[in-house]
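To start, the structure itself, in structure tokens.
The values are calculated or read from the model by the stated rules, or taken from the named source; none is laboratory data. The model shown is predicted, which means the values in this text are computed figures rather than measured ones. Cβ placement follows ideal geometry from the backbone for every residue including glycine, while neighbour counts extend to all protein chains displayed.
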Amino acid sequence: MPDRKTLTFLIGGARSGKSAHAEILATALPPPWTYIATAQAYDDEMRERIALHRSRRGEGWTTIDAPLDLAGALAALPDDRPVLVDCLTLWLTNHMLAEHDLDLECRRLAEVLSRPRGPWFLVSNEVGQGIVPDNALARRFRDAAGRLNQQVAAIADTVLLMVAGLPLKVK
Amino acid sequence: MPDRKTLTFLIGGARSGKSAHAEILATALPPPWTYIATAQAYDDEMRERIALHRSRRGEGWTTIDAPLDLAGALAALPDDRPVLVDCLTLWLTNHMLAEHDLDLECRRLAEVLSRPRGPWFLVSNEVGQGIVPDNALARRFRDAAGRLNQQVAAIADTVLLMVAGLPLKVK
Amino acid sequence: MPDRKTLTFLIGGARSGKSAHAEILATALPPPWTYIATAQAYDDEMRERIALHRSRRGEGWTTIDAPLDLAGALAALPDDRPVLVDCLTLWLTNHMLAEHDLDLECRRLAEVLSRPRGPWFLVSNEVGQGIVPDNALARRFRDAAGRLNQQVAAIADTVLLMVAGLPLKVK
């Protein structure tokens, strides 16, 4: 039985198996499991992706939607319950589109994550290993996402880099 | 002498030394060596790249072109022969441009890879660690490539992430 | 006390904590510390980034600007002094924009790096793990950066892949 007050951070590229691996880790612990979804269904492509993730999870999961107030959703949860947050980059995107203060939002989140709670599993995207994007908004997002990932990784007890569905332990 | 019935999967970014490292691993085994090329020479840039790879390989290699029927080409090979497939992402691109059913093609390939044959060395690209691409086709390709990489990594005995020419063992 | 004649190569995506980690490693050694900046302040965004890096470094650092003649700047330094080069991809960009011979410049740099000097800390970007860029110039840069990273990693004593601010040892 692992220590329950832990934060596991899973980072990886698109389709690297982050969510699936986080589900395996969470469901290795006793239910009930809480899934915090940050996705907003803007279009059909996103609706499809959300439905796919939801159908894969199956029984035993409670889903909470928190596209913006992730810190509040996490703070409101009972202690010692497996929670999967999927994912931080979408949450950041939502705040960016809403033109919120990203530094402030990231600090609020980091504060909640710093309290010994959990076991929590946080999923995020690595978006900084391609060519510098042409447009300034994409560059700004890339910078903000990288800083957020660093903040969360610094707090986390375990950091896994997902590569082709396999976890590579970074911390 | 390593067990000959093995599958080694090398994944990495562009110019990360995937092909060169796969050649080192393959030629550490006794010849004859078979090189399965999936590239199609659409333009001068690609023709140059193919010629460069071919000249680096040198003597002792038999080259088979399999831009589409990779499963068939692998199935037709004799057992226990070092084979280098370079690369899976180009093969997937060819099927996508031909508007084939990618799920079906990936399943066919996975089936051939699941039989204990080899030593086989498969090269593929990590394409999911940049900013989300603007155009839908690129996103669809990125998703398909990520899923294929997960499938192959799950089957493989050894998975190496190539970083600046150096292998990082993932599995 | 680590052996002082060493080359450490830090590679990672944008905002992966490469520079900050390199500073931690360099300042763990006795001063004076030399910072070789390759950035050129083309625009406000870049000027801001340079100012941010400079303010983080603080006291004890001497800054040398070497947007193009990095090999010369390194060769001119006294032995046994901690040096941080930030970063190789910007240096390569500068040469590309100046339409210099990239192979020649990389060879000149590799030659200086091959002499037993240091402790030197070299920072570079991984830019090859996204979707293939649309424009030919970006593809050419990606190829050149990947080859340079391989050259430097081959020479380096230690290679670290930075992931969300954390070092993953590759060599």
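Summary of computed values
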{"read-out": "Every pair of residues 6+ apart whose Cβ atoms lie under 7 Å, when the first sits in the range C:134-159 and is within 17 Å of residue C:119 (Cβ to Cβ) and within 8 Å of chain B (Cβ to nearest Cβ) while the second is surrounded by fewer than 19 Cβ atoms within 10 Å (Cβ to Cβ) and charged (D, E, K, R)", "value": "C:153/C:171; C:159/C:171"}
{"read-out": "Which numbered condition residue A:105 misses (of (1) closer than 28 Å to residue A:163 by Cα; (2) without any contact (Cβ under 8 Å) to a residue 40 or more places away in the chain; (3) not hydrophobic (A, V, I, L, M, F, W, C))", "value": "(1)"}
{"read-out": "Breaking point among (1) within 14 Å of chain B (Cβ to nearest Cβ); (2) modelled with pLDDT under 95; (3) in contact with a strand residue (DSSP E or B) (Cβ under 8 Å, 6 or more places away or on another chain), for residue A:21", "value": "(2)"}
{"read-out": "Some residue of the range C:109-116 being closer than 28 Å to residue C:73 by Cα, of a type outside the set (Gly, Ala, Ser) and at the interface with chain B (Cβ under 9 Å from one of its Cβ atoms)", "value": "no"}
{"read-out": "Residues within the range A:116-129 that are surrounded by fewer than 22 Cβ atoms within 10 Å (Cβ to Cβ) and over 17 Å from the mean Cα position of the chain (by Cα), tallied", "value": "1"}
{"read-out": "Options B:26, B:14: the member that is within 14 Å of chain C (Cβ to nearest Cβ) and touching a residue at least 12 places away in the same chain (Cβ under 8 Å)", "value": "B:14"}
{"read-out": "Only listed residue being more than 10 Å from every other protein chain (Cβ to nearest Cβ) and either touching an Asp or Glu at 6+ places or on another chain (Cβ under 7 Å) or at pLDDT 95 or above (or both), chosen from A:168, A:102", "value": "A:102"}
{"read-out": "Filter pass, residue B:52 being within 14 Å of chain C (Cβ to nearest Cβ), under 30 Å from residue C:13 (Cα atoms) and of a type outside the set (Gly, Ala, Ser)", "value": "yes"}
{"read-out": "Residue match in the range A:11-31 (condition: buried (at least 17 other Cβ atoms within 10 Å of the Cβ) and farther than 25 Å from residue C:163 by Cβ)", "value": "no"}
{"read-out": "Members of the range B:130-165 that are small (Gly, Ala, Ser) and either crowded, with 18+ Cβ neighbours inside 10 Å or at pLDDT 95 or above (or both)", "value": "B:130, B:144, B:145, B:146, B:153, B:154, B:156, B:164, B:165"}
{"read-out": "Residue A:125 being in contact (Cβ under 8 Å) with a residue 60 or more places away in the chain and facing chain C (nearest Cβ under 9 Å)", "value": "no"}
